[in-house]
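The values are calculated or read from the model by the stated rules, or taken from the named source; none is laboratory data. Owing to the predicted nature of the structure, the values given are computational and were not obtained by experimental measurement. Cβ placement follows ideal geometry from the backbone for every residue including glycine, while neighbour counts extend to all protein chains displayed.
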Amino acid sequence: MIELKDVCYRYRDFQGREHEVLKDLSFTVSKGERIVLLGINGSGKSTLLKILDALIYPQKGSYIYKGKKITKREFKKIAPLFRKEVAFLMQDPSAMLFNPTVYEEIAFGPREFGFDDVEERVYEIAEKFGIKRYLEKPPHYLSGGERQKVALAAILATEPEFLLMDEPSSNLDPPTTGWLIDLLQELEVTMVVSTHNLSLAPEFGERVVVLGEGRVVYDGDLERFLGDFELLKRARFLHKHKHAHKGITHSHYHLHDWDL
C-alpha cells in the first residue's frame, strides 16, 4: 500500500542553519497493518507523519502510495481521492478545528466528499463518541480531551482507509484513553501511530518502526524491541541519572514511559 524509499528531508531554522530531519529512511506499510512509530524527541516522527499525509514532500527519495509517487506536482492529480482515503490526527487538535460548531466540524468532510447522509452521519458518530451534547458548541470551548474526540470524529466521518495519529492519547485521561483503544480496535483501517507512552504502544500495534537521528534503527516485533536492553539503549530510550538509596548515591539505566 505504501513505500518509502531513501527519503530525506531537511529544513532551515530561523538562524539559517540546516537540520537534516530524515536521512535515507525506508520502510513499507501493507494494507491492514497497524504500525507503532517510536523515537525520542527530534527523531523525525512528526516530519514523517506529515510526509505520509502529503503535507510536505520528500526532498530526496520517494513516497509511493498505492503505486503512485507522491510529489508536489503529481499530488494535484490525486488530491481529492487521497484526502478522502488518508486522515491525520495531529497531536494538537486545536490545529485541526476551524468550524464554528462541533456539528459543522464533523459535517465538513462528508459534505466536501459528497456524502448524501451528512446529518445522519454526524449524529451517529457524535453519539458513538459521546459528544452529541456539544454539537451546537464551538469546538474551542471544549477541553483538550473533548477537542481530541471532535477532531477524531471529524476525520473518521469520511471513513478513511489509512489513519495517521500523532500522540493520540496525549490529551486524554485514563478512561478516555481506554475508550480510544477500544475504538481503534474496531476500525478496519491501516494505521501508523506515534506515541510517547511505551506501556500503551502494544495496544496500538504489534509492529514497531523506531526512528533515531532520522533513520530507521529498528523495524520489527514490538515485544522483542521492548524486551531488548541493547535495542532500547541504541534507540536512546534508556537513560542514566543519579539517585539515592539509603544514603548511597549511584546511577543506572532507567526506562520511563514519558521519555519519548
| query | Taking the stretch 82-117 as the region of interest, how many residues are in contact (Cβ under 8 Å) with a residue 24 or more places away in the chain, under 27 Å from H196 (Cα atoms) and aliphatic (A, V, I, L, M)? | reply | 6
| So K60, is it farther than 30 Å from Q185 by Cβ, at pLDDT 90 or above and surrounded by fewer than 17 Cβ atoms within 10 Å (Cβ to Cβ) | yes
| What are the residues in the stretch 57-71 that are of a type in the set (A, V, I, L, M, F, W, C) and in a loop (DSSP other than H, G, I, E, B), if any? | I70
| field | Out of E85, E119, E112, sole residue that is among the charged types (D, E, K, R), crowded, with 16+ Cβ neighbours inside 10 Å and modelled with pLDDT of 90 or more | value | E85
| query | Restricting attention to the stretch 149-172, and to residues there that are closer than 24 Å to T101 by Cβ and either modelled with pLDDT under 90 or among the hydroxyl-bearing types (S, T, Y) (or both), which single residue is surrounded by the most Cβ atoms within 10 Å (Cβ to Cβ)? | reply | P168
| request: With respect to P93, determine if the residue is at pLDDT below 90 and surrounded by 19 or more Cβ atoms within 10 Å (Cβ to Cβ). | output: yes
| Residues of the stretch 17-43 satisfying the condition of being closer than 17 Å to L232 by Cα and either touching a residue at least 24 places away in the same chain (Cβ under 8 Å) or touching a Pro at 6+ places or on another chain (Cβ under 7 Å) (or both) | V36, L37, L38, G39, I40, N41, S43
| remark: Of those in the stretch 129-143 that are exposed (fewer than 14 other Cβ atoms within 10 Å of the Cβ) and part of a helix (DSSP H, G or I), the residue modelled with the highest pLDDT is R133
| With (1) under 15 Å from the mean Cα position of the chain (by Cα); (2) part of a strand (DSSP E or B); (3) closer than 27 Å to K233 by Cα as the list, and A87 as the residue in question, which single condition is left unmet? | (3)
| query | With respect to P168, is the statement that it is assigned to a loop (DSSP other than H, G, I, E, B) and within 21 Å of V29 (Cβ to Cβ) true? | reply | yes
| request: Read through the list (1) assigned to a loop (DSSP other than H, G, I, E, B); (2) within 24 Å of L222 (Cα to Cα); (3) at pLDDT below 90, then give the number of the only condition that Q15 fails. | output: (2)
| field | Conditions (1) at pLDDT 90 or above; (2) part of a helix (DSSP H, G or I); number of the one not met by E74 | value | (1)
| said: Among the numbered criteria (1) crowded, with 17+ Cβ neighbours inside 10 Å; (2) of a type in the set (D, E); (3) farther than 22 Å from D53 by Cα; (4) out of contact with any helix residue (DSSP H, G or I) (no Cβ under 7 Å at 6 or more places or on another chain), which one does E146 miss? | reply: (4)
| message | Can you find, within the stretch 207-222, the residue that is nearest to R10 (Cα to Cα) among those that are among the acidic types (D, E) and modelled with pLDDT of 90 or more? | response | D219
| message | When the residues of the stretch 44-56 are narrowed to those that are in contact (Cβ under 8 Å) with a residue 60 or more places away in the chain and part of a loop (DSSP other than H, G, I, E, B), which ends up farthest from R147 (Cα to Cα)? | response | G44
